[in-house]
1. Which of these values of Kirkwood radius over Cα pairs in Å was calculated from the structure shown: (i) 20.1; (ii) 18.6; (iii) 21.7?
2. Using the basic label-point model (7 angstrom from Cα toward the beta carbon), what is the residue 70 to residue 256 distance in nanometres?
3. Taking the Cα centre of the range 60-182 as origin, sum charge times position over the Cβ atoms of Lys and Arg (+1) and Asp and Glu (-1), and report the length of that vector in debye to the nearest 20.
4. Expected output is a single nm value to one decimal: the length gained when fully extending between residue 206 and residue 33, i.e. 0.36 nm times separation in residues minus the C-alpha distance. What is it?
5. How much net charge surrounds residue 175 when only the other residues with a Cβ under 11 Å from the Cβ of residue 175 are counted, with Lys and Arg +1 and Asp and Glu -1?
6. From largest to smallest, what semi-axes in whole angstrom does the range 84-166 give when each is the square root of 5 times an eigenvalue of its alpha carbon gyration tensor?
7. Using r as the Cβ-Cβ distance of residue 54 and residue 150, and R0 as 51 Å, what FRET efficiency do you calculate, to the nearest 0.05?
8. Express in nm, to one decimal, how much length is gained between residue 229 and residue 21 on full extension, taking 0.36 nm for each residue of separation and deducting their alpha carbon distance.
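Throughout, read-outs are computed from the coordinates displayed, never taken from laboratory work. Remember, it's a predicted structure, so these values are computed and weren't measured experimentally. Positions of Cβ are backbone-derived with ideal geometry, glycine not excepted, and every protein chain shown enters the neighbour counts.
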Amino acid sequence: MPKNVSFEVYGGPGVTAQEIISLAASNNTFQKQHGVIKLGPIQTGISPDTITIIPSFQVDENGDPNNEPYLDMQSCNIIAPTIIGNYEDNYTYFGDNVFTNTNYFLQSGEIYANGSSRLVWADTGTGCGAQTFYLPYYGGDTYDHSISYYGAGNYGYQEWMMWCFNITTSAWAYHLETYATGTSLSYNPNTSVFFENHNVNSNWYAGFQSSTVQANDAYDGGYPDGPWANNYFCLPNYSMTGSLTNFGTTIWTLSEIPTAIMQGP
């Protein structure tokens, strides 16, 4: 493939071209109405000269790259929350996030906005504008969100991939790009599973059927795929309990996730 090319691949039982086309059309309509949603990375040094929404982040950081600098993948399973109403004034994101060893940022996760949900990927190359995986989102299904680097000798690729796999239905999608840089995970708060909240209203979480969201079975490379050996709650840890180490589970309590801050002149 030439450089600066990206593409997506879909498969699994029941996945059809017509379904993908229909979801793409629905997503295009959503973006015309609401614009392209901008996600992380975790922000620092925002200028107060203009009115800005500063999102809150509740971060379960992967500590393993600090001791194992050649890890080349990170994954987690998320039980997709069911959305029952629209109480948000903005949007939230929950998913798997990676900084590479060249500080390239990649994400695979889920967006909850305007009373609906989407499966998305985002990265440095898109300016962290959320791009939709054209797979249906089903509340209660378990989705494996994975980000991995395939080096020389791995199926002919030498690229980063962002995956979304519905464990419940076996439908899957991945986005592969030739312009992402780096070959391994970076020890960084952005190499983590985090919940990102852009809402400033206090009852934003009332549209979620459950009071919590959760991630589990996290792994970060090796053969066979190894579990996280270390994790750290950071930035800050108001809402999280449990642990993603050793294929464990971390639970985020939605009502304890801070709201975003509106700052500006």
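1. It is the one labelled (ii).
2. About 3.9 nm separates the two model spin labels.
3. On the way: 1 positive and 14 negative charges, 64 e Å.
Value, rounded to 20: 300 debye.
4. Values: separation 173, 0.36 × 173 = 62.28 nm, distance 2.30 nm.
Gain on extension, residue 206 to residue 33, equals 60.0 nm.
5. Details: positive: none; negative: 8, 123, 159, 177.
Local net charge: -4.
6. Values: eigenvalues 143, 46, 16 Å².
Semi-axes from the Cα gyration tensor: 27, 15, 9 Å.
7. Details: r = 35 Å, r/R0 = 0.69.
Using R0 = 51 Å, I get an efficiency of 0.90.
8. Working: separation 208, 0.36 × 208 = 74.88 nm, distance 4.07 nm.
Full-extension gain reported as 70.8 nm.
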